[in-house]
Amino acid sequence: MKFGGGCLRDGRSVAQACAIVSAQKQAAVVVSAVSGVTEMLLAAIGQARRHERHIPPVLAALEEKHLAIAAELCPSGAAQKRLRAAIASRVARVGRLLFGVACHGDLTPAVRARLLSQGERLAAQLLAGVLDSLETPAAALDARSAGLCTDGNVLAASVDRGRTRRLMRPRLAALLRRGVVPVIPGFYGRGPDGGVTLLGRNGSDYSAAAVAFALGAGRIEVWKDADGFMSADPARVPAARRLELLTFAEAAELSYFGAKVLHPRTVEPLAGTRTRVFVRNVNDPSGAGSEIAAACPGRAADVAGIAANERLAVLRVHGAGIGSKPGLLAGVSSALAESGINIHSVLTSHTCINLLLDPADAARGLRQLKSRINGVIRRVELEERLALVGVVGERIMEKEGIYARIFSAVARERINVEMAAAGASPVACYFLVRKAELDRALLAVHDEFFP
């Protein structure tokens, strides 16, 4: 069972999560940070780099946020005392790390990883303490000591399935046999050198899948403050409906293109397993939610869902015959990788390479590529007025006319498609429109496939 930050906002929501766990006979639990805590830690890092005087107020706010929930849910003096001590100890560790940043004026990837993992560690201690006070024996673990193993990429690690299973399975199984609920912080793991590595923002879903793989679990319940996957973002498309069943590939692509329900890499550790994933609403525990499985035989829908993302930027690299120069695309990609910039997608032509990036990386990427202007690369431009629409479905490439329906629906609204890509995934295509036209494009495509 995995509980996201939206399920851990305050005393009421934490109590609801604990009630769901207590109702299970046997479960391993993975938690995200309490809602808002990761943002607090990110802000604290910036403040510590400016001056150490900013650190004590941040630590006080961080401690109070967790102690308020503990005081509300742990009325017993002994249980509350233990939990208060555990929270205070963890916040003190955050303080030592922040004062180190202030002292040295520098922030290495390793220190950043250790700092940002503290929110999940605090949440694990909080949930385990509350469960204990409710007479559900629980133990808060450290993801590293629990055996969640990764490669050596400190800020964007990948799970090492083999090492994780070998180390984690006996440790968690021993607790479960004794009737103890293991509560494991998500988002981070242990690299080959034993150091903290992060699994990427919102990576606790990915952690939960790794734990499920290690235990050979047949079921993952991902608890959110939403009903599951929807046919589109209901904030943009009021007629959006809940999706009852998706494949692993569809869920991954919808998440990648902007549906903020699961981390896009959640399904990776489950490859080759029969584990089923259920996304359920913590506010409606009896609701069906969405099920994600390896296959969806018998489902008739051509399109599973539609996602949108307006948080993107496009770098356009221009040059005569640029598409015919061996190694040029590799050089461009390497230049961005050296600056820690991830490329979400690439569209190429003979005279232009289009790179889709996160907006936070756009200015840095532009500077990096402008420095490479030479006889081949003539001009580099930054385009920030576009938004992406992703259309996802297992039958999207195998049934004639689906692409025609997508673009005809957009054309009827007199919306121009600025770029489009299909075929990179057998279950997805995407196109870009102006941000001002995103909602109309979404409504048009949704009405076409979900009348």
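Any read-out appearing in this document is the output of simple, stated calculations on the displayed coordinates, not a laboratory observation. Computed from a predicted model, the values in this text were never measured in an experiment. Cβ sites come from the backbone with ideal geometry, for glycine too, and all protein chains shown count toward neighbours.
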To the nearest 0.05, how large is the calculated FRET efficiency for ASN374 and ALA300 if R₀ is 56 Å and r is the Cβ-Cβ distance?
0.55
Once every DSSP H run of n ≥ 4 in the chain is given -39500 (n - 2.57) and the sum is divided by its residues, what mean residue ellipticity at 222 nm do you get, rounded to the nearest 500 deg cm²/dmol?
-13000 deg cm²/dmol
For VAL130, VAL445, VAL376, VAL111, what's the fewest-to-most ordering of other Cβ within 10 Å of each Cβ?
VAL376, VAL111, VAL445, VAL130
How big is the C-alpha Rg of region 2-213 next to the rule-of-thumb value 2.2 N^0.38 Å, as a ratio?
0.98
What does DSSP give for the chain in terms of the percent of beta bridges that are antiparallel, rounded to the nearest 5?
65
Please tell me which of these pairs span more than 22 angstrom C-alpha to C-alpha: LYS2/LYS81; LYS2/LYS25; LYS65/LYS224?
LYS2/LYS81
Please list 388-396, 308-316, 50-58 highest first by mean number of surrounding beta-carbon atoms within 10 Å per residue.
388-396, 308-316, 50-58
Nearest 5 is fine: what % of DSSP beta bridges in region 118-251 come out antiparallel, could you say?
55
Fewest-first ranking of ARG280, ARG412, ARG9, using other Cβ atoms within 10 Å as the exposure measure:
ARG412, ARG9, ARG280
Packing-wise, with mean Cβ within 10 Å as the measure, how do 165-176, 420-431 rank, highest first?
420-431, 165-176
For region 140-223, give the magnitude of the charge dipole about the Cα centre (Cβ charges: +1 Lys/Arg, -1 Asp/Glu; no others), in debye to the nearest 20.
380
What lysines sit close enough to LYS435 to cross-link, taking a C-alpha to C-alpha distance under 21 Å and skipping anything fewer than 8 places away on the same chain?
LYS260
Can you list which of the DSSP-assigned H helices in the chain have a Cα extent of 30 Å or more along the long axis and an average Kyte-Doolittle score of at least -0.5?
77-104
Is the C-alpha gyration tensor of region 191-276 telling us rounded, prolate or oblate? Criteria: a/c under 1.5 is rounded; beyond that, a/b larger than b/c is prolate, otherwise oblate.
prolate
Once each part is reduced to its C-alpha centroid, what is the distance from region 1-68 to region 200-259 in angstrom?
21
Considering only region 2-213, percent of DSSP beta bridges that pair antiparallel, nearest 5:
30
Name the residue farthest towards the positive end of the dipole of the chain from the options VAL346, ILE415, ALA208, assuming +1 on Cβ of Lys and Arg, -1 on Cβ of Asp and Glu, about the Cα centre.
ALA208
If you work out semi-axes √(5λ) of the Cα gyration tensor in Å from the coordinates, which of (i) 44, 29, 25; (ii) 51, 31, 18; (iii) 39, 28, 20 do you get?
(iii)
Once you order the gyration tensor axes a ≥ b ≥ c over the Cα atoms, which shape class does region 1-122 get: rounded for a/c under 1.5, otherwise prolate or oblate by comparing a/b with b/c?
prolate
Protection proxy ranking of 365-372, 255-262 - average other beta-carbon atoms within 10 Å, highest first:
255-262, 365-372
